[in-house]
Amino acid sequence: MAQKISVITINYNDKEGLEKTLQNVTNQKNADFEFIVIDGASSDGSKELIEHYADKIDYWISEPDKGIYNAMNKGILAAKGDFLIFMNSRDTFYDENVLATVSGQLTADHGIYYGDTFMLKTNSKRRKTFPEKLSFSFFYSSCINHQSTFIKRQLFFDHFLYNESYKIVADWEFFIYTICHQNVPYKYLNCLISNYDYTGISSTNQYDAVSRKEKQQTFEKYFPLFIEDYKRVAELNSKRIGQVFHIKEYPIAWKVLKGMLSFLTALLPKKSRTADTES
């Protein structure tokens, strides 16, 4: 049985980006989907633009909201499709046949389907390829993109809607919880799904601290036994550790480094194992 898709677009005062997304989504060919647009009472002409496309949009509102995830939740509650995908302002499907190609692959057997993404910056474009097998360690430092992910709508009602107290990682929280905590079945679609505008709020350096804080809260809530591991992974992702792994690719340099480390380790006091043996 064919699965209906709901495409949800949220927008706030980004008329230019919204028009780009509206044009792209409404040009999708030969696919059974509904189009939902949630606007946060924009004052830049976005509402008038939506009205211009109203005959191609199944549901839309323009009203104040409490942030990105509040707007996305409004879209979830309005959706009627079996699977949802969020294509927000400035984001686009890779080509006009994406939904037609993917719709035949979506079944009730899996709760989450995800594919690859083109990451777009001002002067660059690169393909982001995701692993076929997702793991807890993958979610430590990465995430599948919601612009390239089809989520069974019922999952939100079986578990929870996006956490509106978060500013950056509520979608990441949903994915790590459903996949790693609840073992929701997922499937990798070996194809390009979207062009992701990588200049948004969650991709700027100034929000790194907020992202780390929100992820820490998620680990404390759902994975308390892994908090120390999370800190270790952050250390392993540091620039210095990256340099060590780079050196390891060169046998002679690696041998020299190991010798230096052994020498320095010999000069240091032996590490106490008291903490490991306490009961």
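No lab work stands behind these numbers, since they all come straight from the coordinates. Everything numeric in this text was worked out from a predicted model, so none of it was measured. Counting neighbours? That spans all protein chains shown, and the Cβs are built from the backbone with ideal geometry, glycine included.
Filter the chymotrypsin sites (Phe, Trp or Tyr not before Pro) in the range 141-221 down to the DSSP loop ones having no more than 15 other Cβ atoms within 10 Å, then list what survives.
160
Please report, in whole Å³, the volume per residue of the convex hull around the C-alpha atoms of the chain.
About 168 Å³ per residue, rounded to a whole number.
Counting other C-beta atoms within 10 Å, and keeping those with at most 16, which DSSP coil GluC sites (Glu not before Pro) do you find in the range 43-125?
96
Could you tell me how many degrees, from 0 to 90 and to the nearest 10, lie between the Cα long axis of helix 208-222 and the main elongation axis, the longest principal axis, of the Cα atoms of the chain?
The answer is roughly 80 degrees.
Give me 159, 146, 246 ranked fewest to most by other Cβ atoms within 10 Å of their Cβ, as a rough exposure proxy.
Lowest count first: 246, 159, 146.
Which one, 119, 87, 72, has the greatest fluctuation when you compute a Gaussian network model over the chain with C-alpha springs under 10 angstrom?
Judging by the Gaussian network model, the answer is 119.
Compare 74, 133, 152 in a GNM of the chain, Cα atoms joined below 10 Å, and give the one with the largest fluctuation.
Maximum among the listed residues: 133.
If we count other beta carbons within 10 Å of each Cβ, what is the order of 254, 60, fewest first?
Final ranking by Cβ density, sparse to dense: 254, 60.
Stick to the Cα atoms of the range 1-153, pair each with every other, and give me the Kirkwood hydrodynamic radius in Å at one decimal.
Roughly 16.1 Å, rounded to one decimal.
Mind checking the dipole of the chain: about its Cα centre, +1 per Lys or Arg Cβ, -1 per Asp or Glu Cβ, Debye to the nearest 20?
It works out to roughly 1580 debye.
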